[in-house]
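First comes the structure, then the notes that go with it.
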């Protein structure tokens with residue numbers, strides 16, 4: 001079964017269609033990265049592990065996260 005999120009969207013009724021229809025075409029990650037001038041990450045595990053040493057323990061991270069959530073609730 002195909003997910004509705006994987007289909008290319010159709011223009012709304014009455015919308016002006018360009019010749020290429022590129023506005024309504026879903027772009028790949030590679031296309032988006034090229035447009036934005038950012039490199040693609042070839043090794044996701046390397047990217048995923050970049051922040052592993054920011055906190056010395058899970059408890060320290062949990063305390064930071066709790067403080068962040070409280071600050072957002074208070075509008076700080």
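The values are calculated or read from the model by the stated rules, or taken from the named source; none is laboratory data. All of these numbers come straight from a predicted model, not from anything done at the bench. Backbone-built Cβ (ideal geometry, glycine too); neighbour counts: all protein chains shown.
Overview of results
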read-out: Index of the failed condition, residue 37 passing every other in (1) on the phi < 0 side of the Ramachandran plot; (2) at pLDDT 90 or above; value: (1)
read-out: Selection count, segment 38-61, where residues are part of a helix (DSSP H, G or I), surrounded by 10 or more Cβ atoms within 10 Å (Cβ to Cβ) and over 23 Å from the mean Cα position of the chain (by Cα); value: 1
read-out: Long-range neighbours under 6 Å by Cβ, at least six apart or interchain, first residue at pLDDT below 75 within segment 41-55, second surrounded by 10 or more Cβ atoms within 10 Å (Cβ to Cβ); value: 47/41
